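A short worksheet on the structure shown next.
The values are calculated or read from the model by the stated rules, or taken from the named source; none is laboratory data. Not measured: the values here are computed from a predicted model. Note that we place each Cβ from the backbone using ideal geometry, even for glycine, and neighbour counts take in every protein chain shown. What goes into the accessible areas is simple: the full protein's heavy atoms, side chains included, and nothing from ligands, DNA or RNA. Shrake-Rupley method; radii C 1.70, N 1.55, O 1.52, S 1.80 Å.
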Amino acid sequence: MLYLYSPDQQDVYLRLLKDALPDWPIACWPEEADAEKVRFAVVWSPPKDFFARFPKLQAIFVLAAGVDALLRRGDVPQDVAIVRLTDAGMAQQMTEYCLYGLLHYQRQMDIYLQQQKAAQWIQQPARLADSLRVTVLGLGQLGTHVAHDLKRLGYRVSGWSRRPREIDGIACAHGEAGLRALLPETDVLFSVLPATPETRHLLDAKRLDLLPKDSAIINAGRGSLIDQNALLACLDKDRLRFALLDVFVEEPLPENHPFWRHPRIILTPHVAADTVPEEAARQIAASLRTLAEGGAAGSLAGFVDRARGY
Ligand code: NAP
Ligand code: GLV
């Protein structure tokens, strides 16, 4: 049996999963199910005691690409596989989000907005795409898609990942030395890194200082990537032109947080790439069929390696 917990979109997911898996018994929150029969769960942010009620659980499908919040809870038994979404309609949205920030930078909208406030008619020199160096942090499902799209549009694209990667047309780097070499060669830094202990405060004061003056940051991965005070200091010193931020250490961002009113910060409420229910349900149903046919959870594209943290 499959148990669904997604209160905000319960009806949508229930219908999609039932359509995709007509022979499967599916129960959903807050329905009481025969707990012994529940082998799989599809969840978005379930309550703390949720997993403990299903002693025969084999796999949890998370309705998201990032699993940091689930791993942080520490209540998923070690023998239960965690499977996340891979792309599922999010990659295209990530490109759009990145492109929005990139064009804001390239077409100097931050500068023109300032000029408008002062009624200044000053034409800034044009910047062509092939003169703009974009670095994509995270070359997984989302980052690779974004990097390819930007390359196709003529930008000079580099990427950074944990392990060495080779991607046609993208200058790939990895590890600390790779990052240190890339940052000074970056006009726009775009991150879709997951939140792990290793990526926490990856962009600290020292690394932010490696970015060239007047560069910009777009963060659509997780908020923990950036040391917030270091970012504010960088922006206040005019080292960075702006930061476009979609993700934050605390969400919703507290009302009194300095990011809200900072003139060089543009922020959005974690909307860079939304889960597309149709795609998510299709992907989860395919994975469930694989498991039902005896396939190993470890072979699924979205299988989460807990030791790695993503
Ligand atoms: P993914 O396929 O697992 O890719 C993660 C990438 O990050 C991989 O390239 C990985 O390197 C790299 N990475 C992880 N730890 C690293 C480290 N310590 N140093 C360098 N590189 C590291 O994940 P995805 O599907 O692309 O999603 C990425 C993240 O985007 C999610 O975890 C989530 O936090 C975020 N997200 C945000 C939104 C939003 O709306 N804001 C929406 C969806 C997802 P390797 O290739 O070497 O493994
Ligand atoms: C959204 O942030 C996700 O991880 O899917």
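Looking at (1) away from ligand 1 (no atom under 16 Å from the Cβ); (2) surrounded by 20 or more Cβ atoms within 10 Å (Cβ to Cβ), which one does residue 65 not meet, given that it meets all the others? Failed condition: (1). For residue 240, the test of being away from ligand 1 (no atom under 16 Å from the Cβ) and in contact with a Cys (Cβ under 8 Å, 6 or more places away or on another chain) is passed.
Can you tell me which of 223, 154 is within 23 Å of residue 65 (Cβ to Cβ) and either within 15 Å of the chain's Cα centre (by Cα) or without any contact (Cβ under 8 Å) to a residue 60 or more places away in the chain (or both)?
Numbers: 154 fails: within 23 Å of residue 65 (Cβ to Cβ).
223 is the lone residue from the list that is within 23 Å of residue 65 (Cβ to Cβ) and either within 15 Å of the chain's Cα centre (by Cα) or without any contact (Cβ under 8 Å) to a residue 60 or more places away in the chain (or both).
Looking only at residues in segment 20-46 that are under 30 Å from residue 196 (Cα atoms) and away from ligand 2 (no atom under 16 Å from the Cβ), the one that is farthest from the chain's Cα centre (by Cα) is 38.
The set of residues in segment 174-195 that are in contact with a Lys or Arg (Cβ under 7 Å, 6 or more places away or on another chain) and among the polar types (S, T, N, Q) contains only 186.
Any residue at all in segment 261-278 that is part of a loop (DSSP other than H, G, I, E, B) and touching a His at 6+ places or on another chain (Cβ under 7 Å)? No, segment 261-278 has no match at all. Go through segment 47-67 residue by residue and tally those that are more than 18 Å from residue 79 (Cα to Cα) and within 16 Å of ligand 2 (Cβ to nearest atom). Qualifying residue count for the region: 4. Total residues in segment 290-304 satisfying the condition of being under 26 Å from residue 92 (Cα atoms) and open to solvent by 60 Å² or more (accessible area, probe 1.4 Å): the figure is 3. Set side by side, the residues 75, 87 differ, and just one is under 23 Å from residue 40 (Cα atoms), charged (D, E, K, R), under 15 Å from the mean Cα position of the chain (by Cα) and in a loop (DSSP other than H, G, I, E, B), which is 87. Output yes when any residue across segment 48-59 is basic (Lys, Arg), over 26 Å from residue 224 (Cα atoms) and part of a helix (DSSP H, G or I), and no when none is. Checking segment 48-59: at least one residue is basic (Lys, Arg), over 26 Å from residue 224 (Cα atoms) and part of a helix (DSSP H, G or I).
Pick from 285, 297, 273: which is modelled with pLDDT of 95 or more, within 15 Å of ligand 1 (Cβ to nearest atom) and among the aliphatic types (A, V, I, L, M)?
None of the others qualify; the one that does is 273.
Every condition in (1) touching a strand residue (DSSP E or B) at 6+ places or on another chain (Cβ under 9 Å); (2) hydrophobic (A, V, I, L, M, F, W, C); (3) surrounded by 18 or more Cβ atoms within 10 Å (Cβ to Cβ) is met by residue 24 except one, and the failing one is (3).
Looking only at segment 248-284, filter to residues that are under 30 Å from residue 39 (Cβ atoms) and of a type in the set (Asp, Glu); which one of those is surrounded by the fewest Cβ atoms within 10 Å (Cβ to Cβ)? Ranking the candidates gives 274 first. Just wondering, is there one or more residues in segment 200-211 that are open to solvent by less than 10 Å² (accessible area, probe 1.4 Å), more than 16 Å from ligand 1 (Cβ to nearest atom) and within 19 Å of residue 143 (Cβ to Cβ)? Checked segment 200-211: at least one residue is open to solvent by less than 10 Å² (accessible area, probe 1.4 Å), more than 16 Å from ligand 1 (Cβ to nearest atom) and within 19 Å of residue 143 (Cβ to Cβ). Selection within segment 112-133: residues that are open to solvent by less than 90 Å² (accessible area, probe 1.4 Å) and among the basic types (Lys, Arg). The member of this set that is farthest from residue 182 (Cα to Cα) is 127.
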